[in-house]
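Below is one structure; the comments refer to it alone.
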Amino acid sequence: MRKNFLVSSIKDSLFTGLIALALFGPIVGLRTVAKNEVLVVSPKWFIVLVIVIVCALGRFLTNLYIYNRDQKYGIQSTVGKSITKFLDTKGTQIALSAIIFSVIFPFLPFTDRYLMDIAIMMLTYIMLGWGLNIVIGLAGLLDLGYVAFYAVGAYSYALFAIHFGWSFWICLPIAGIFAAMFGVLLGFPVLRLRGDYLAIVTLAFGEMIRILLLNWYQLTKGPDGLTGIPRPSFFGLPFKSFPEEGEQTFHTFFGLEYSPMQRIIFLYYLILVLALITNLFTIKIRRLPIGRAWEALREDEIACKSLGVNPRNTKLTAFAIGAMFGGFAGSFFATRQAFISPESFTFIESAIIVAIVVLGGMGSQTGVVLATVFLIGLIEVFRDFESYRMIAFGGAMVLIMIFRPRGILATRKPTITLHKKEVIK
Amino acid sequence: MTQKLLDVENLTMRFGGLLAIDDLSFSASKDQITSIIGPNGAGKTTVFNCLTGFYKATAGSMFLNKENERLNLKKFSDFKVAQKAGVARTFQNIRLFPQMSVLENLMVAQHNKLMDASGFTIFGLFNAPSFVKKEKEAIEISKYWLDIIGLTHRADDDAGDLPYGDQRKLEIVRAMCINPYLLCLDEPAAGLNAKESAELNKLLLFIKKEKKTGILLIEHDMSVVMEISDHVVVLNYGKKIFQGSAKETKNSPAVIEAYLGTEE
């Protein structure tokens, strides 16, 4: 038995080596070089050999050690199991310490402008992930055009702030309402669609919004983008280095030295609060009838109908609420950048947000945070390697899917319990 | 004479050229179990799908007689049959919410009531006392039904992890949680062993006696049909070929012919 297994593993790895040779032989092995203005082929067989050996050996090792993997839980190893158990049982503690850490983060000694920028970016993605988690994780509607709501939020904030001069705190809810309206607008035609078809339509919707922004020049200034979006103020106190005569600013009011970091720190706390509101809202709404109906709809729509749950309203609220949080995040993005253009709302943004939700474990709030830190962190770490960034990004996704096929944090806790008094995360 | 709960009159369902149900009339009484039997493809599930709004009947009418109103089920489209008319159903292949807990399955069944209590989520977000009270009541109702089917100890487990027989029973009590006037069961005994189907009989008789809910039953398992039905309707090729008590049905030549064919 054992011997058979060994023989079949060796056969399998030799076959893998052959495939690697067929693939990498022409791609890597044959390189054309210009020699005396003529193209000559200069073979690089050594590299090909190395690649083939690595592939075959790697296949052999995976065969030997991690072949018996579980479809549901991925590769079972003691390390993986203990990490899983730790994450599943200590979820609340991890979340609490993460919140405390993020509150004191701006004042840690090693925190500089660069780290703050990354943290703000991560928090924006976390908020978007949490918003999309309502649509994908809870209601099970695969939305590939989420960035459209982000864009609607950003543009409605920018337009209201520029043309009417309204403050951030008035424009923020307006942007959210606008995005929610677009959510319903998208929701109506796709009510009957499911799975792949829904994904295609939402993807198209995302592109439509982007192209609309690109071409409606009178309103959106097209590819030039909107500039001069007002910065948020600290309850009416602007962040300015040189205040005008008699004007109160943040640093004069509090008697501080002016520093550009003050605004960054304010933005950081702003997005932190917005993200936490999103999180609290989602945790709460999951336990309400509407949240339970979302999850039931994800599980079985026909059974829902037989129990008198209105699938139309349930789906539309999921789209609308998810979109609303996307809109909030969008208006934060606009006020932080002070400049927006359709460039910022391409499909890749949607793809990253979907990846965050799926890799985090559908429906898991803590999972979204872990996936964001992992993916966005990775993109940042590899910033200097430019074209290798996306390879690292893709590689990370492949690894997560191998080891945790249902996402980093896949276990779902019931929204209501009869026996155990458990806090739902 | 008991009051008729359901009157199906001249129901016809046509899929293109196929006549699935042909001018079918029957009635079901309150606090009685009415079985619909017939060979495969006789149109039994189609009758259910028409009753519960999954199909729109081509012709005919279906009246549900409540205490003081007479509703034509044909006017209600899909989910409204359960929501407004109070007709619940189960499915031939069990349709639970497998990744949700047993208790959550029962809570989803009480969605409309809770949704109203939560003021379309707004009151619920702020834990309004009226909502909290309603939710507690809903949990009590769920607990009541779980006690009856003996699954209280598994209330917090995923419904998909239950044994097959328990899933069947859970699906039935989930349908009961919407507090229906009429409960339509599509082959509830399929795949159950002798002990489980005896338990099922007990549960159905309990629902009939205590809850005064009319039960409409599609079943192939004749031991279940003969033991608990008060009234049997036999379909073949979409037509009613017989109706009567269980005993009469067993001895009817027309029914025997439909199931076994005629002797030459």
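The values are calculated or read from the model by the stated rules, or taken from the named source; none is laboratory data. In this text the structure is predicted, and so the values were computed from the model without any measurement. Note: ideal-geometry Cβ built from the backbone for every residue, glycine included; neighbour counts use all protein chains shown.
Rundown of residues vs (1) within 30 Å of A:Lys413 (Cα to Cα); (2) at the interface with chain A (Cβ under 8 Å from one of its Cβ atoms), yes/no style:
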residue	(1), (2)
B:Phe63	no, no
B:Arg70	no, no
B:Lys74	no, no
B:Gln83	yes, yes
B:Gly86	no, no
B:Ile94	yes, no
B:Gln99	yes, yes
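Could we say that A:Arg404 is in contact (Cβ under 8 Å) with a residue 12 or more places away in the chain, more than 14 Å from chain B (Cβ to nearest Cβ) and among the charged types (D, E, K, R) here?
Details: in contact (Cβ under 8 Å) with a residue 12 or more places away in the chain: yes; more than 14 Å from chain B (Cβ to nearest Cβ): yes; among the charged types (D, E, K, R): yes.
Against the criterion (in contact (Cβ under 8 Å) with a residue 12 or more places away in the chain, more than 14 Å from chain B (Cβ to nearest Cβ) and among the charged types (D, E, K, R)), A:Arg404 qualifies.
Are any of the residues in region A:257-274 of a type in the set (S, T, N, Q), surrounded by fewer than 22 Cβ atoms within 10 Å (Cβ to Cβ) and more than 30 Å from B:Gln110 (Cα to Cα)? Steps first, answer last, please.
Our first condition is that a residue be of a type in the set (S, T, N, Q); within region A:257-274, this holds for A:259, A:262.
Now drop any that are not surrounded by fewer than 22 Cβ atoms within 10 Å (Cβ to Cβ), which leaves A:259, A:262.
Checking which are more than 30 Å from B:Gln110 (Cα to Cα) leaves us with A:259, A:262.
Yes, region A:257-274 contains a residue that is of a type in the set (S, T, N, Q), surrounded by fewer than 22 Cβ atoms within 10 Å (Cβ to Cβ) and more than 30 Å from B:Gln110 (Cα to Cα).
What is the one condition in (1) surrounded by fewer than 16 Cβ atoms within 10 Å (Cβ to Cβ); (2) more than 30 Å from B:Arg154 (Cβ to Cβ); (3) of a type outside the set (Gly, Ala, Ser) that A:Pro405 does not satisfy?
(2)
A:Glu299 versus (1) at the interface with chain B (Cβ under 9 Å from one of its Cβ atoms); (2) in contact (Cβ under 8 Å) with a residue 24 or more places away in the chain; (3) buried (at least 24 other Cβ atoms within 10 Å of the Cβ): which is the lone unmet condition?
(3) is the only condition that A:Glu299 fails.
Mind checking whether some residue in region A:339-356 is at positive phi, at pLDDT 80 or above and assigned by TED's automatic domain parsing to the domain that holds A:Pro232? Walk me through how you get there before you give the answer.
Here is the first cut: in region A:339-356, the ones at positive phi are none.
Checked against the condition, which is being at positive phi, at pLDDT 80 or above and assigned by TED's automatic domain parsing to the domain that holds A:Pro232, region A:339-356 yields no hits at all.
Which one of these is assigned to a strand (DSSP E or B) and surrounded by fewer than 19 Cβ atoms within 10 Å (Cβ to Cβ): B:Leu71, B:Leu64?
Details: B:Leu64 fails: surrounded by fewer than 19 Cβ atoms within 10 Å (Cβ to Cβ).
Of the residues listed, the single one that is assigned to a strand (DSSP E or B) and surrounded by fewer than 19 Cβ atoms within 10 Å (Cβ to Cβ) is B:Leu71.
Considering only region B:123-177, state which residues are among the β-branched types (Val, Ile, Thr) and in contact with a Leu (Cβ under 6 Å, 6 or more places away or on another chain). Can you show your working first?
We begin by selecting, within region B:123-177, every residue among the β-branched types (Val, Ile, Thr); these are B:132, B:139, B:141, B:148-149, B:152, B:172-173.
Result: B:Thr152, single match.
Please note which helices (runs of 4 or more DSSP H) are completely contained in region B:78-150 and include at least 1 residues that are more than 22 Å from the chain's Cα centre (by Cα) and modelled with pLDDT of 85 or more. Even if it seems obvious, please write down each step before you answer.
Working: elements: B:102-109, B:111-117, B:122-125, B:129-149.
The qualifying helices (runs of 4 or more DSSP H) are B:129-149.
Restricting attention to region B:25-43, which residues are under 15 Å from B:Asn10 (Cα atoms) and crowded, with 22+ Cβ neighbours inside 10 Å? Reasoning before the result, please.
In the first step, residues of region B:25-43 are kept if they are under 15 Å from B:Asn10 (Cα atoms); the result is B:25-28, B:43.
Correct list: B:Ala28, B:Gly43.
Can you name the residue in region A:106-131 that is surrounded by 14 or more Cβ atoms within 10 Å (Cβ to Cβ) and among the aromatic types (Phe, Trp, Tyr) and, of all such residues, is farthest from the chain's Cα centre (by Cα)? Break it down stepwise before answering.
The initial filter retains those residues of region A:106-131 that are surrounded by 14 or more Cβ atoms within 10 Å (Cβ to Cβ), namely A:106, A:111, A:115-131.
Now drop any that are not among the aromatic types (Phe, Trp, Tyr), which leaves A:125, A:130.
Working: A:Tyr125: 5, A:Trp130: 8 Å.
Taking the candidates together, the pick is A:Trp130.
Please go through region A:275-296 and pick out each residue that is facing chain B (nearest Cβ under 9 Å) and buried (at least 20 other Cβ atoms within 10 Å of the Cβ).
Going through region A:275-296, the residues facing chain B (nearest Cβ under 9 Å) turn out to be A:281, A:284-285, A:287-293, A:295-296.
Those that are facing chain B (nearest Cβ under 9 Å) and buried (at least 20 other Cβ atoms within 10 Å of the Cβ): A:Ile285, A:Leu288, A:Pro289, A:Ile290, A:Gly291, A:Arg292, A:Ala293, A:Glu295, A:Ala296.
Quick check on region B:111-141: of everything there that is polar (S, T, N, Q) and more than 8 Å from chain A (Cβ to nearest Cβ), which residue is farthest from A:Lys315 (Cα to Cα)?
First pass over region B:111-141, keeping only residues polar (S, T, N, Q): B:112, B:118, B:121, B:127, B:130.
Filter again for more than 8 Å from chain A (Cβ to nearest Cβ), leaving B:127, B:130.
On the way: B:Asn127: 23, B:Ser130: 26 Å.
That would be B:Ser130.
Test B:Thr46 against the stated conditions and say whether it is over 30 Å from A:Thr415 (Cα atoms) and among the hydroxyl-bearing types (Ser, Thr, Tyr). Before you say what the answer is, go through the steps one by one.
Numbers: over 30 Å from A:Thr415 (Cα atoms): yes; among the hydroxyl-bearing types (Ser, Thr, Tyr): yes.
Considered against the rule, which asks whether it is over 30 Å from A:Thr415 (Cα atoms) and among the hydroxyl-bearing types (Ser, Thr, Tyr), B:Thr46 comes out as yes.
Among the listed residues A:Gly206, A:Gly176, A:Gly195, identify the single one that is under 26 Å from A:Phe319 (Cβ atoms), loosely packed, with under 12 Cβ neighbours inside 10 Å and within 22 Å of the chain's Cα centre (by Cα).
Working: A:Gly206 fails: loosely packed, with under 12 Cβ neighbours inside 10 Å; A:Gly176 fails: loosely packed, with under 12 Cβ neighbours inside 10 Å.
Of the residues listed, the single one that is under 26 Å from A:Phe319 (Cβ atoms), loosely packed, with under 12 Cβ neighbours inside 10 Å and within 22 Å of the chain's Cα centre (by Cα) is A:Gly195.
Among the numbered criteria (1) over 13 Å from B:Ile207 (Cβ atoms); (2) within 9 Å of chain A (Cβ to nearest Cβ); (3) in contact (Cβ under 8 Å) with a residue 24 or more places away in the chain; (4) of a type outside the set (Ser, Thr, Tyr), which one does B:Arg168 miss?
(2)
From the list B:Leu205, B:Leu185, which residue is among the hydrophobic types (A, V, I, L, M, F, W, C) and either part of a strand (DSSP E or B) or crowded, with 21+ Cβ neighbours inside 10 Å (or both)? Walk me through how you get there before you give the answer.
Numbers: B:Leu205 fails: either part of a strand (DSSP E or B) or crowded, with 21+ Cβ neighbours inside 10 Å (or both).
Result: B:Leu185 is the single residue among B:Leu205, B:Leu185 that is among the hydrophobic types (A, V, I, L, M, F, W, C) and either part of a strand (DSSP E or B) or crowded, with 21+ Cβ neighbours inside 10 Å (or both).
Does A:Ile104 qualify as being in a helix (DSSP H, G or I), without any contact (Cβ under 8 Å) to a residue 12 or more places away in the chain and on the phi < 0 side of the Ramachandran plot?
On the way: in a helix (DSSP H, G or I): yes; without any contact (Cβ under 8 Å) to a residue 12 or more places away in the chain: yes; on the phi < 0 side of the Ramachandran plot: yes.
It is true that A:Ile104 is in a helix (DSSP H, G or I), without any contact (Cβ under 8 Å) to a residue 12 or more places away in the chain and on the phi < 0 side of the Ramachandran plot.
If A:Ile340 passes every condition in (1) under 26 Å from A:Arg298 (Cβ atoms); (2) of a type outside the set (Phe, Trp, Tyr); (3) crowded, with 24+ Cβ neighbours inside 10 Å but one, which one does it miss?
Failing condition for A:Ile340: (1).
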